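Some notes on the structure that comes next.
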Amino acid sequence: MLDSENSCRFDLFLTYPSNRMNQPFDPSDNYRKTLEAAGYVKRQDATQETYDRIGFMSGLEVHQQLKTREKLFCHCPAGLYHKPDVFDAEVIRHMRPTLSELGEYDGTALMEFKTRKNIVYRLKNETTCTYEVDDTPPFPLNREALEIAIEISLLSKLNIVGEVHITRKQYLDGSIPTGFQRTAIIGVEGMIPLKHKNIRLIQLSLEEDSCREVSDIGHTRIYRTDRLGMPLIETVTYPDMVNPDEVKEACNYIRFLNRSTGKVRTGIGAGREDVNVSCRGGSRVEIKGVAHTRWIPELTHNECFRQWSLLMLRDRLKASIPNYKNWKINQVELDYHDFKFGYVPLADTKRLKHKIIAVNLPGFEGALSHFTQPGKMFANELTDRLKVIACLEKPNMAHSEQFEQVISEKDWDSIRKLLKSANGDAQVIVWGPEEDMATATETIQERCLMAFEGIPNETRKSFENGTTIFERVLPGADRMYPDTDSAPIPLENSLIDKLGSNLPQEVIDRYHIMKDWGIPEDTYTYIFKKDLFPLIERIVNELGYKPAFVGTLFGHKLKFVEGHARPVAEFNYRIVYGLLKYIKEKGLSPEIAWLMLPHVYEHPKLEFESALTSIKFKKVSKDELLGKLPFLKTKFAEIQHTKRPGVEKDWIMGQLRRSAIGNVELTELAKMI
């Protein structure tokens with residue numbers, strides 16, 4: 001039976017199979033109809049009503065590396081990195097799950113154990129010690145990291161804990177050699193303000209970072225350990241965001257808040273966020289390790305609709321398969337001598353001595369081509385899990401509802417006879433090493449059974465195009481347990497008061513100040529991202545420049561220059577202060593900075609006088625500029641083609657602009673003309 005509140009919503013899909021009783025099944029038409037039934041729209045066409053209809057809900061886990069000299073639980077230097085193929089030694093490990101204090105196994109740990117992965121760690125002597133490879137107990141917690149975490153907790157309006165307790169969080173994917181991450185809660189129950197609402201914070205934790213993955217092919221996963229153990233904070237929000245733009249705004253605010261201290265690392269990999277998404281009636285799904293906040297809106301939009309569409313599939317399957325609790329696949333091994341497969345991966349199975357298994361999915365016709373994400377269908381849910389759990393590299397599966405078939409209809413008919421398929425069934429073919437086939441078929445059955453329940457709790461990997469793939473089962477509370485190697489750390493009120501006495505200005509206050517200053521709002525993200533507000537404020541207060549000019553110089557001009565040029569030496573943003581001070585002392589108009597900045601950025605050690613020479617600046621007086629006006633007015637009268645008001649002034653400004661920049665402010669020149 002369908003839920004009464006959902007029955008109208010699913011009418012289009014549910015009546016579709018009966019309409020094609022005497023017609024061949026059309027997967028692309030089915031994909032289109034299920035997309036329409038889900039009400040999927042592109043993000044740019046979505047409104048708040050769109051998200052209210054499907055019950056969009058999202059929360060964040062924002063990670064940021066701290067700028068400390070040493071790692072969190074040892075004295076190895078933090079912030080030194082090496083290339084994937086540069087290492088002094090390799091360590092190979094096999095992970096296995098352990099029982100929690102409640103005598104239970106974590107689902108993620110069991111899934112990772114099933115993969116039978118060989119985990120290889122590449123070690124560099126200067127960045128790794130025996131603690132990282134679990135041969136030495138932890139050293140005392142890094143106090144520098146602890147104090148930074150407390151400062152950021154206070155900025156986040158969190159209540160600081162009275163005593164820091166270090167716990168272990170199981171990580172069986174191999175990203176941490178010990179099999180667990182040491183983590184500690186520093187603050188709880190806080191709040192961050194957005195433009196139109198407040199977002200509640202659950203907690204901020206201090207934890208050690210994991211390894212960086214080099215590759216994951218077949219049963220071998222390789223990591224480098226340079227990043228391992230570096231101090232990291234994790235800020236966790238409640239699921240208070242009700243549309244994708246709010247999620248991005250909240251994430252940006254947390255990252256800007258962290259950067260405002262000047263005590264966190266920036267750059268690729270220094271900040272990452274896990275985004276939790278669900279729809280009405282769905283489950284929490286974690287999009288793991290999103291590298292750029294600009295990806296967040298598309299990812300959360302598509303994930304919410306993926307869940308909404310999977311709920312449609314659940315109700316359709318339950319309606320068409322009443323005895324779904326006893327549902328199971330049946331399978332046969334195919335002999336490649338009996339078929340003339342033209343598809344190269346299948347044809348190669350003979351040479352590689354791999355097995356080919358055909359699987360029948362009773363009552364699943366229309367399910368495999370059911371829309372889930374743009375360009376993806378339910379069949380992708382199977383092939384993604386086969387890659388992760390059975391370690392079968394893609395392409396690893398063919399199925400009966402592919403838009404472009406790689407197996408002939410004649411071969412499919414033969415396979416259906418071998419499987420004794422009935423009308424309304426779907427079929428898949430999977431291939432690979434014999435030792436992986438049992439896991440492969442078990443994975444297919446497991447994911448199909450999950451389709452009857454709705455949305456599996458899982459962690460998914462993000463892509464720039466806004467789609468995701470399965471990464472692992474979502475960890476549960478069973479993965480956490482106390483760290484018996486580390487003593488509790490009491491936090492004195494005097495320490496908290498001392499750290500709270502010198503906090504930077506709140507991000508929301510800086511936002512309102514820039515609004516009052518008239519700085520264009522499209523510069524704010526760049527200014528906050530680079531933590532440039534203190535420098536802008538100093539330039540305004542000490543040098544007397546107009547805030548809007550300084551804000552646009554950074555947020556428009558410098559941003560553009562950074563995207564199109566590469567400095568020959570390290571560029572420090574304080575150089576801009578020196579440049580503007582030089583311009584003021586020389587009595588030049590501010591606009592000259594727009595011409596000088598690209599040269600100064602590319603050559604940070606260049607003398608400002610040399611930068612003036614590079615742009616071929618020539619000192620010209622106001623009288624000289626005004627002396628050109630009679631000639632220009634006569635010239636314009638000869639070539640004028642339109643009577644539009646102001647056209648003469650605009651043309652003359654264009655003729656004098658280059659000579660005027662640096663000699664007279666352009667607004668003043670316009671008045672003079």
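The values are calculated or read from the model by the stated rules, or taken from the named source; none is laboratory data. The model shown is predicted, which means the values in this text are computed figures rather than measured ones. Because the Cβ atoms are built from the backbone with ideal geometry, glycine has one as well, and the counts that use them run over all protein chains shown. Please note that ligands, DNA and RNA were not included when accessible areas were found on the heavy atoms of the full protein model with its side chains. Shrake-Rupley method; radii C 1.70, N 1.55, O 1.52, S 1.80 Å.
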Identity of the residue in segment 70-84, under 19 Å from Ile268 (Cα atoms) and among the charged types (D, E, K, R), that ends up nearest to the chain's Cα centre (by Cα):
Lys83
Looking only at segment 328-371, how many residues end up being modelled with pLDDT of 95 or more and acidic (Asp, Glu)?
2
Take the conditions farther than 21 Å from Gly59 by Cβ and crowded, with 21+ Cβ neighbours inside 10 Å and apply them to Glu126. Does it pass?
no
Can you spot a residue in segment 304-327 that is open to solvent by less than 40 Å² (accessible area, probe 1.4 Å) and in contact with a Lys or Arg (Cβ under 6 Å, 6 or more places away or on another chain)?
no
Of the residues that sit in segment 328-342 and are in contact with a strand residue (DSSP E or B) (Cβ under 8 Å, 6 or more places away or on another chain) and within 23 Å of Glu365 (Cα to Cα), which one is most open to solvent (accessible area, probe 1.4 Å)?
Glu333
Residue selected from segment 84-99 under the condition of a type outside the set (A, V, I, L, M, F, W, C) and not in a strand (DSSP E or B), by the criterion least open to solvent (accessible area, probe 1.4 Å)
Pro97
Within segment 52-62, can one find any residue that is touching a helix residue (DSSP H, G or I) at 6+ places or on another chain (Cβ under 8 Å) and closer than 25 Å to Pro137 by Cβ?
no
Looking only at segment 272-303, count how many residues are open to solvent by less than 10 Å² (accessible area, probe 1.4 Å), of a type outside the set (A, V, I, L, M, F, W, C) and assigned to a helix (DSSP H, G or I).
5
Contact list, first residue from segment 275-289 and under 8 Å from Gln307 (Cβ atoms), second anywhere and outside any strand (DSSP E or B) and of a type in the set (Asp, Glu), beta-carbon distance below 8 Å, six or more apart or interchain, is Val277/Glu303; Val285/Glu303
Out of all the residues in segment 234-248, is one or more surrounded by 18 or more Cβ atoms within 10 Å (Cβ to Cβ), within 28 Å of Leu146 (Cβ to Cβ), touching a helix residue (DSSP H, G or I) at 6+ places or on another chain (Cβ under 9 Å) and not charged (D, E, K, R)?
yes
Could you please tell me which pairs satisfy a Cβ distance under 9 Å, a separation of 6+ or placement on different chains, a first residue in segment 600-613 that is in a loop (DSSP other than H, G, I, E, B) and among the hydrophobic types (A, V, I, L, M, F, W, C), and a second residue that is at pLDDT below 95 and surrounded by fewer than 18 Cβ atoms within 10 Å (Cβ to Cβ)?
Leu606/Ser614
Evaluate segment 439-453: report whether one residue or more is at pLDDT 95 or above, part of a loop (DSSP other than H, G, I, E, B) and of a type outside the set (Val, Ile, Thr).
no
Extreme residue, surrounded by the most Cβ atoms within 10 Å (Cβ to Cβ), among residues of segment 429-441 that are in contact (Cβ under 8 Å) with a residue 24 or more places away in the chain and more than 12 Å from Leu334 (Cβ to Cβ)
Ala440
Inspect all residues belonging to segment 386-406 and state whether any of them is surrounded by fewer than 22 Cβ atoms within 10 Å (Cβ to Cβ), farther than 22 Å from Gln307 by Cα and over 33 Å from the mean Cα position of the chain (by Cα).
yes
Segment 528-548 residues that are closer than 15 Å to Leu579 by Cα, paired with ones that are assigned to a loop (DSSP other than H, G, I, E, B) (beta carbon under 7 Å, 6 or more apart)
Leu535/Tyr573; Ile539/Tyr545; Tyr545/Pro590
Neighbours by Cβ (under 9 Å, 6+ apart or cross-chain): first from segment 357-379, more than 11 Å from Leu313 (Cα to Cα) and in a helix (DSSP H, G or I); second open to solvent by 10 Å² or more (accessible area, probe 1.4 Å) and modelled with pLDDT of 95 or more
Ala379/Met397; Ala379/His399; Ala379/Gln402
Tell me which residues, restricted to segment 202-222, are within 28 Å of Ala184 (Cβ to Cβ) and polar (S, T, N, Q).
Gln203, Ser205, Ser210
Go through Ile539, Ile489, Ile527 for me and flag whichever is surrounded by 15 or more Cβ atoms within 10 Å (Cβ to Cβ) and in contact with a Gly (Cβ under 6 Å, 6 or more places away or on another chain).
Ile527
Please determine whether any residue of segment 228-248 is aromatic (Phe, Trp, Tyr) and not in a loop (DSSP other than H, G, I, E, B).
no
Of everything in segment 101-152, what is part of a loop (DSSP other than H, G, I, E, B), within 27 Å of the chain's Cα centre (by Cα), modelled with pLDDT under 85 and of a type in the set (Asp, Glu)? Give them in sequence order.
Asp106
State whether the residues of segment 257-268 include one that is in a helix (DSSP H, G or I), open to solvent by 20 Å² or more (accessible area, probe 1.4 Å), in contact with a Lys or Arg (Cβ under 9 Å, 6 or more places away or on another chain) and more than 30 Å from Asp411 (Cα to Cα).
yes
So the check is Cβ under 6 Å with 6+ separation or different chains; which pairs have a first residue in segment 620-642 that's modelled with pLDDT of 70 or more and a second one that's open to solvent by 80 Å² or more (accessible area, probe 1.4 Å)?
Leu632/Gln655
Evaluate the following for Lys581: is it part of a helix (DSSP H, G or I), open to solvent by 40 Å² or more (accessible area, probe 1.4 Å) and touching a Phe, Trp or Tyr at 6+ places or on another chain (Cβ under 6 Å)?
no
Check Ile508 against each of (1) more than 26 Å from the chain's Cα centre (by Cα); (2) surrounded by 13 or more Cβ atoms within 10 Å (Cβ to Cβ) and name the one condition it does not meet.
(1)
